[in-house]
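Novice: One structure follows; several queries about it will come next.
No value in this document is a laboratory result; all are computed from the given coordinates. All of these numbers come straight from a predicted model, not from anything done at the bench. Because the Cβ atoms are built from the backbone with ideal geometry, glycine has one as well, and the counts that use them run over all protein chains shown.
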């Protein structure tokens with residue numbers, strides 16, 4: 001799998017579905033804005049009053065599905081970590097490049113930021129000319 005190709009695809013998308021699971025296995029999914037790094041990390045924000053926040057704190061294992069406007073999609077499993085201090089500053093710069101309205105949301109009560117680091121990624125191109133599925137474990 002070509003990580004650069006996956007990164008370019010992630011950067012071309014603005015929304016993805018983030019799936020979480022409570023420790024008892026009950027699922028939760030949300031459409032989220034996200035940014036990505038060349039290392040295929042996914043950055044997103046949320047508020048502490050959201051349903052997903054306590055789930056992420058209890059069980060950081062997540063799955064993403066990104067892409068539904070074309071025949072290309074990325075399936076992604078990883079672990080989400082709430083950002084703090086220097087890491088927070090580093091990743092907010094990346095996130096704010098994509099979401100220029102991000103700084104305005106910093107005044108929201110309980111706003112916080114996470115980075116998801118990949119454990120498994122599958123890149124699928126179902127277009128007739130390409131028809132390929134590639135995956136990688138990290």
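Novice: Helix 3-12 versus the longest principal axis of the chain: what angle, 0 to 90°, nearest 10, using Cα atoms?
Specialist: Rounded to the nearest ten degrees, it is 60.
Novice: With a Förster radius of 22 Å, plug the Cβ-Cβ distance of residue 29 and residue 130 into 1/(1 + (r/R0)^6) and report the FRET value to the nearest 0.05.
Specialist: 0.20
Novice: Would you compute, from DSSP H runs of 4+ residues alone, the mean residue ellipticity of the chain at 222 nm, taking -39500 (n - 2.57) per run and dividing by the full residue count, rounded to the nearest 500?
Specialist: One gets -7000 deg cm²/dmol as the mean residue ellipticity at 222 nm.
Novice: Round to a whole angstrom and tell me the spacing of the C-alpha centers of the range 73-138 and the range 1-63.
Specialist: 6
Novice: Under the Kirkwood approximation for Rh and a Cα-based Rg, what ratio Rg/Rh is obtained for the chain?
Specialist: Result for the chain is an Rg/Rh of 0.97.
Novice: Okay, next question. Between 0 and 90 degrees, rounded to the nearest ten: what's the tilt of helix 85-98 against the longest Cα principal axis of the chain?
Specialist: Around 50 degrees separate the two axes.
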